[in-house]
Amino acid sequence: MTILKTTTAAVVGSLMATTVFADGHAQSWDMPMAYAATNFHSEHGVMFADLVRDYTDGAIDITVHPGGSLFGGGDIKRAIQTGQVPIGERFMSAHANEAPLLGWDNLPFIATSYEDNARLWEAARDTVNAQLADLNLVALYTCPWPGQGFYFNKEVNSSADTQGIKFRSYNSATATFAEELGMIPVQIEAAELSQALATGVASAFISSGSTGYDRQVWEHLSHYYKVNAWLPRNYVMVNTQIWNDLDAETQAGIQKAADETSASCAAKSAELANFYFDELEKNGMTVQDAGPDFLAELEKIGAQMTADWLETAGADGQAILDAYNAN
Ligand code: PCA
């Protein structure tokens, strides 16, 4: 409650300071994004901004700030909730510590292909949107990363090889995964990943081929194990008050842009998945499937993580999985 009141007050303050609504004047929106400018998520952020300008006849003029340059990844959601910026993008399951339901896309081995991930999102969408409404947010579009696997600086065949390794995690679920494998998790933004590997703050992590490619991790690491444990999603969200203050026509224009961007972004993600692996290999990394012993351990940990998630996400979480499994 207190949070909501503070949020509303901050939003009103910032609106008065920066923008004029419902009088036909164009609004300039800064849109912080967490990942590299050349990453497909960020490129689609720019595509979205262009489409929004088109479909709203210039009423909404979005400037994309990629790479955590305006707000670091960990601060973007709060900046939107409090109206410091109207819109932004972030990794959804990074917010699962605050709202467990948002970890729906981080459940190991439940939806390991783009098709299944899309079906899971269909099953989760309404519940997730209701959760986001409670956080003063409206999701405009989401876009999946390629499947998640493990990066190491040596060959790894089982948890016997992972004990004591410093592991870069990106949310609480990946920290749990690391601990279960005897590693020491440290949460680091993708934007800071190269530096963390260079300085030895971490020497392993879980991610897609995409982030390894963006951060040229072959300079520090040697092995990538494909696991496809899950395909997490980024989402572009807007502050609820700012959204509600737009007229219906402007909202429709923005949503049309969001829908088109979402479809294009998901297709690009799928198209690039193998390109990233090829690039890791070209740059000297060994890219291979996780071995049977390691995979069996990961599956066991994964099943426990899903059970833990269901405990925190409650009946809403179970309903998402039931709907997914019924299709
Ligand atoms: N890259 C992001 C999140 C998931 C992914 O593939 C990262 O590692 O931060």
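The values are calculated or read from the model by the stated rules, or taken from the named source; none is laboratory data. Here the structure is a predicted model, which is why all the values come from computation and not from measurement. Cβ coordinates were reconstructed from backbone atoms using ideal geometry, including for glycine residues, and neighbour counts include every protein chain displayed. Just the protein is used for accessible areas: all its heavy atoms, side chains included, with ligands, DNA and RNA removed. Shrake-Rupley method; radii C 1.70, N 1.55, O 1.52, S 1.80 Å.
Inspect all residues belonging to the range 207-217 and state whether any of them is open to solvent by less than 40 Å² (accessible area, probe 1.4 Å), away from the ligand (no atom under 12 Å from the Cβ) and under 18 Å from the mean Cα position of the chain (by Cα).
No, the range 207-217 contains no residue that is open to solvent by less than 40 Å² (accessible area, probe 1.4 Å), away from the ligand (no atom under 12 Å from the Cβ) and under 18 Å from the mean Cα position of the chain (by Cα).
For the range 219-270, which residues satisfy the criterion of being over 21 Å from the mean Cα position of the chain (by Cα) and β-branched (Val, Ile, Thr)?
Ile242, Thr250
Scan the strands (runs of 3 or more DSSP E) fully inside the range 97-204 and keep the ones with 1 or more residues being of a type in the set (Phe, Trp, Tyr) and more than 16 Å from the ligand (Cβ to nearest atom).
Here the list reads 137-144.
Considering only residues of the range 42-64 that are surrounded by 20 or more Cβ atoms within 10 Å (Cβ to Cβ) and outside any helix (DSSP H, G or I), which is nearest to the ligand (Cβ to nearest atom)?
Val64
List every residue pair whose Cβ atoms lie under 6 Å apart, where the two residues are 6 or more positions apart in sequence or sit on different chains, the first residue falls within the range 173-192 and is on the phi < 0 side of the Ramachandran plot and open to solvent by 10 Å² or more (accessible area, probe 1.4 Å), and the second residue, located anywhere, is among the polar types (S, T, N, Q) and within 13 Å of the ligand (Cβ to nearest atom).
Ala173/Asn106; Ala175/Ser169; Pro185/Ser169; Gln187/Ser169
May I ask you to list the residues in the range 72-90 that are acidic (Asp, Glu) and open to solvent by 10 Å² or more (accessible area, probe 1.4 Å)?
Asp75
I want to confirm something. Restricting to the range 231-269 and keeping residues that are open to solvent by less than 50 Å² (accessible area, probe 1.4 Å) and small (Gly, Ala, Ser), which single residue is nearest to Leu140 (Cα to Cα)?
Looking at residues that are open to solvent by less than 50 Å² (accessible area, probe 1.4 Å) and small (Gly, Ala, Ser), I get Ala258.
Scan the range 91-120 for residues that are open to solvent by 10 Å² or more (accessible area, probe 1.4 Å) and either among the hydroxyl-bearing types (Ser, Thr, Tyr) or farther than 23 Å from Ala323 by Cα (or both) and jot them down.
Ala94, Asn97, Glu98, Thr112, Ser113, Tyr114
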